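The structure under discussion appears below in the form of structure tokens.
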Amino acid sequence: MSVSAATLSIQATPTTIGVDDVIQISILVDSAIPVNAFSGALIYPATIVEPIAVSDGNSIVNMWITRPTVSDASAQILFAGITPGGFSGNNGILFSVLFKAKKMGTAKVSLGNIEVLRNDGSGGSEPTTIKSLTISVGLKSSGGYTEPVDHTPPELFIAYLGTDPQLFDGRSYLAFMAVDKGTGVDHYVAAESRIPSFLWLFFPPSWHTTVSPYVLSDQNFTSTVYLKAIDRAGNERLSVFPPQHLFTPYEKVVFLAILVGAVLLWQRRWGRRLKSNL
């Protein structure tokens, strides 16, 4: 008979809310032995409460395989992440979700398809106790949860170049992850440009939302890649990946042809001058 050494529970702040109030739901881990991987789904009644944001700023997870996000107001929130080195202790936060109460009633928030793996070298599955939470939503607002003011940008982060023939048809990509201990990283944006940043006033780069890994548009590595991590408060942190080459293979051929042509033209002119002076 196996004995559970890990517990996943759900905590609410505040514990009493009314219609239109916001409540913070946190998924907590207690484990007597080191565990290093967590996956599952957060389940909630969409008719009573609606998710509006996810925060992983204080998470014990360092690497998300499936980062918890609000993709649909009625969808389960899926998650899968890794904690290198493992976690053991009490009240380790996986992530938090802000919900808005839509109407009066009772909302049972639970976890499904949970799997916790041991940090024992073999990644064995750890028997885990799951504790759900029932929230009572009253008719009148009682204040709800207010997020603390966040003026701190995400921490410095670095992008790493990678290539794998089994990924993205062999195209090169950048892998990265930013950490924000405040409201948490909300999203990333990327831009690639061969134009120096001091000329952006005249030739602004084209920014677009992205995720990690980010497949490079410029597979010749002649562009500077700019990555921004933006937290939910709007604070930004910029990471710059420099170009690896000055010219593309085609540009090298053209440049070499121009150079050879210029040398031949110069030799011809000097040859004519020498003949005219003889």
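Of the conditions (1) outside any strand (DSSP E or B); (2) assigned by TED's automatic domain parsing to the domain that holds Ile27, Tyr145 clears all except one; give me its number.
That leaves (2) as the condition not met.
If we scan the range 148-170, do we find a residue that is more than 14 Å from the chain's Cα centre (by Cα) and within 30 Å of Met104 (Cβ to Cβ)?
Looking through the range 148-170, at least one residue is more than 14 Å from the chain's Cα centre (by Cα) and within 30 Å of Met104 (Cβ to Cβ).
The rows are residues; the columns are (1) of a type in the set (Gly, Ala, Ser); (2) free of Cβ contacts under 8 Å to residues at least 24 places away in the same chain; (3) buried (at least 18 other Cβ atoms within 10 Å of the Cβ); (4) in contact with a strand residue (DSSP E or B) (Cβ under 9 Å, 6 or more places away or on another chain).
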{"site": "Tyr160", "(1), (2), (3), (4)": "no, yes, no, yes"}
{"site": "Thr163", "(1), (2), (3), (4)": "no, yes, no, yes"}
{"site": "Gly170", "(1), (2), (3), (4)": "yes, yes, no, no"}
{"site": "Ala175", "(1), (2), (3), (4)": "yes, no, no, yes"}
{"site": "Asp180", "(1), (2), (3), (4)": "no, no, yes, yes"}
{"site": "Val185", "(1), (2), (3), (4)": "no, no, yes, yes"}
{"site": "Ala191", "(1), (2), (3), (4)": "yes, no, yes, yes"}
{"site": "Pro196", "(1), (2), (3), (4)": "no, yes, no, yes"}
{"site": "Trp200", "(1), (2), (3), (4)": "no, yes, no, yes"}
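Mind telling me which of the residues Asp169, Asp180 ends up being within 27 Å of Ala6 (Cα to Cα) and of a type outside the set (S, T, N, Q)?
Asp180
For the range 88-112, which positions are surrounded by 20 or more Cβ atoms within 10 Å (Cβ to Cβ) and hydrophobic (A, V, I, L, M, F, W, C)?
Hits for the range 88-112 are Leu94, Phe95, Val97, Leu98, Phe99, Ala101, Ala107, Val109, Leu111.
Within the range 204-223, which residues are in a loop (DSSP other than H, G, I, E, B) and of a type in the set (Val, Ile, Thr)?
Hits for the range 204-223 are Val211, Thr222.
The values are calculated or read from the model by the stated rules, or taken from the named source; none is laboratory data. Just so we're clear, the structure is a prediction, and the values are computed from it rather than from any experiment. FYI the Cβ positions are ideal-geometry reconstructions off the backbone, even for glycines, and counts take in every protein chain you see.
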